[in-house]
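**Q** I'd like to ask some things about the structure below.
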């Protein structure tokens with residue numbers, strides 16, 4: 001291989017490594033800064049909100065006053081049994097016991113069977129990143145973290161080997177030019 005081709009491949013490997021490193025740092029910052037600002041992150045594990053919020057999305061739930069929640073808003077709730085659901089508000093119901101919400105997933109034929117009390121609302125789910133939930137789940141495991149760091153290490157090693165190969169190819173090319181002469 002020529003030194004210029006090796007240099008091109010080395011630069012491509014370097015750019016891929018830098019992009020992966022920046023993406024991991026950015027992802028880590030977002031997932032750690034969001035909770036510090038009062039927001040909660042949730043992974044969409046069901047298809048009930050498709051196509052508005054695809055399966056595997058990472059949803060940002062921003063705390064909101066239940067009195068400001070209106071029909072059409074997408075909210076994340078935590079049920080009494082701990083299950084977290086992100087659905088659209090289908091109807092607001094004010095009862096003597098307080099404010100309740102009828103929720104419905106966009107892909108569901110009918111509304112959820114049970115009215116949700118205002119106290120169950122975690123926040124407005126007004127932001128999401130498609131498919132980032134898969135990355136969040138993967139990187140939160142030891143296997144995922146080791147795989148990401150191993151990939152970065154392998155790219156750094158490949159970059160260094162290509163750098164050495166490029167130097168060697170330049171030296172060989174220079175020797176060949178000296179042997180042949182001007």
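The values are calculated or read from the model by the stated rules, or taken from the named source; none is laboratory data. Just so we're clear, the structure is a prediction, and the values are computed from it rather than from any experiment. Cβ: placed from backbone, ideal geometry, glycine included. Neighbour counts: every protein chain shown.
**Q** So, in the range 9-38, exactly how many residues are in contact with a strand residue (DSSP E or B) (Cβ under 8 Å, 6 or more places away or on another chain), surrounded by fewer than 17 Cβ atoms within 10 Å (Cβ to Cβ) and touching a residue at least 24 places away in the same chain (Cβ under 8 Å)?
**A** 2
**Q** Here's another thing I want to ask about it. Output the residues belonging to the range 1-45 that are within 14 Å of residue 128 (Cβ to Cβ) and not in a helix (DSSP H, G or I).
**A** 39, 40, 41, 42, 43, 44, 45
**Q** I would also like to ask the following. Considering only strands (runs of 3 or more DSSP E) fully contained in the range 52-146, which possess at least 2 residues that are exposed (fewer than 15 other Cβ atoms within 10 Å of the Cβ) and without any contact (Cβ under 8 Å) to a residue 60 or more places away in the chain?
**A** Result: 84-95.
**Q** On the given criteria, is residue 76 at pLDDT below 95, closer than 20 Å to residue 132 by Cβ and touching a strand residue (DSSP E or B) at 6+ places or on another chain (Cβ under 8 Å)?
**A** Working: at pLDDT below 95: no; closer than 20 Å to residue 132 by Cβ: yes; touching a strand residue (DSSP E or B) at 6+ places or on another chain (Cβ under 8 Å): yes.
The answer is no for residue 76.
**Q** Could you please let me know if residue 45 is surrounded by fewer than 20 Cβ atoms within 10 Å (Cβ to Cβ) and assigned by TED's automatic domain parsing to the domain that holds residue 109?
**A** The answer is yes for residue 45.
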